[in-house]
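Okay, structure first, notes after.
The values are calculated or read from the model by the stated rules, or taken from the named source; none is laboratory data. Here the structure is a predicted model, which is why all the values come from computation and not from measurement. Here the Cβ positions follow ideal geometry from the backbone for every residue, glycine too, while neighbour counts run over all protein chains shown.
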Amino acid sequence: MNEKHTASDVCHVTKPGLVTLEIRKLSTYLWIATAIVLGLGVMREVVVHNIGTETFLKDLRHFALDLEYSLPAWYESLTMATASVLLATIAILARHHDPRNRWAWTLLAVIFILMSVDEVVSFHEVAIKPIRHAFNLSGVLYFSWVVLAAPMLVILTIIFIPFMLRLPRRTALRFTIAAILFVGGAFGLEFSGGHYVTIGGFDSLPYRIVSSCEESLEIIGMTLFVTSLFRHLAGVTPVLHVTIKDGT
């Protein structure tokens, strides 16, 4: 007989004031949610490419992987915010068990909450046109924000290498894979995307494929990072007590 999981299997109250999270089951549900979001996004691209937008379905923009105000954009922003909360929690706990790495956890928490906000409001896109016009960029540099992002990525990589080397090997490996997937999508594929936009425009098939791969890698990388943070937090403190006071 197959075991069936419900939401109560993931998070349940074992006694008043004590909530238990099943990390393995929670991770499974997160990956299922990711598969659904990506599946809907890919379905949208197939439908629009083969049927067009002149139907009652229109362009199904709410499932689009590379558009703002869509399900994938909301989901990715949510995973980034979740990562920030988990990182902040680990940073607080690091005060006692891992003070050397506390600054790194804190900095990561700040970075990911800013990324979560940017995913929704797209601050980084404000720089695209001014930089593109100022330096007459096109082709692989069409999305000109990468010019600013490249040195920032190098600096952050140098800053966090010692931190990664101090982490448990499995945690460091998971974080590294998640970073490669996310940066490879968000940054690396922007060059290919810019090339195909310059040649055929935003509606060209090559660009649609590249942009879908880009967003998919970002979401997969974030899902892996969040599940890895849950695993790391469970290893640091299997039991986490939280006291809520009303301030009176």
Scan of the stretch 102-123 for residues that are aromatic (Phe, Trp, Tyr), more than 12 Å from the chain's Cα centre (by Cα) and under 25 Å from LEU65 (Cβ atoms), ordered by number: PHE123
Identity of the residue in the stretch 150-192, of a type in the set (Lys, Arg) and surrounded by fewer than 14 Cβ atoms within 10 Å (Cβ to Cβ), that ends up nearest to LEU229 (Cα to Cα): ARG170
The stretch 132-145: number of residues that are out of contact with any Gly (no Cβ under 8 Å at 6 or more places or on another chain), surrounded by 13 or more Cβ atoms within 10 Å (Cβ to Cβ) and at pLDDT 85 or above: 3
Qualifying residue in the stretch 90-102 (condition: in contact with a helix residue (DSSP H, G or I) (Cβ under 8 Å, 6 or more places away or on another chain), of a type outside the set (Asp, Glu) and outside any helix (DSSP H, G or I)): no
Count - residues of the stretch 184-220 that are touching a residue at least 40 places away in the same chain (Cβ under 8 Å), more than 21 Å from MET152 (Cβ to Cβ) and among the polar types (S, T, N, Q): 4
Check on GLU119, surrounded by 15 or more Cβ atoms within 10 Å (Cβ to Cβ), among the acidic types (Asp, Glu) and within 15 Å of PHE187 (Cβ to Cβ): yes
Number of the condition not met by GLU125 [criteria: (1) under 18 Å from GLU214 (Cα atoms); (2) at pLDDT 95 or above]: (2)
Test for GLU190: is it over 30 Å from ALA234 (Cβ atoms) and among the charged types (D, E, K, R): yes
Total residues in the stretch 118-145, condition touching a residue at least 40 places away in the same chain (Cβ under 8 Å) and of a type in the set (Val, Ile, Thr): 2
Residue check, THR28 crowded, with 18+ Cβ neighbours inside 10 Å, of a type outside the set (Asp, Glu), in a helix (DSSP H, G or I) and modelled with pLDDT of 90 or more: no
Filter result (of a type in the set (Ser, Thr, Tyr) and either loosely packed, with under 15 Cβ neighbours inside 10 Å or within 23 Å of ILE23 (Cα to Cα) (or both)) within the stretch 62-114: TYR69, TYR75, SER77, THR79, THR82, SER84, THR89, THR106
Every pair of residues 6+ apart whose Cβ atoms lie under 8 Å, when the first sits in the stretch 166-183 and is more than 21 Å from SER216 (Cβ to Cβ) while the second is hydroxyl-bearing (Ser, Thr, Tyr) and surrounded by 16 or more Cβ atoms within 10 Å (Cβ to Cβ): THR171/SER228
Qualifying residues in the stretch 182-231 (those that are of a type in the set (Ser, Thr, Tyr) and modelled with pLDDT under 95) - the one nearest to LEU26 (Cα to Cα): SER212
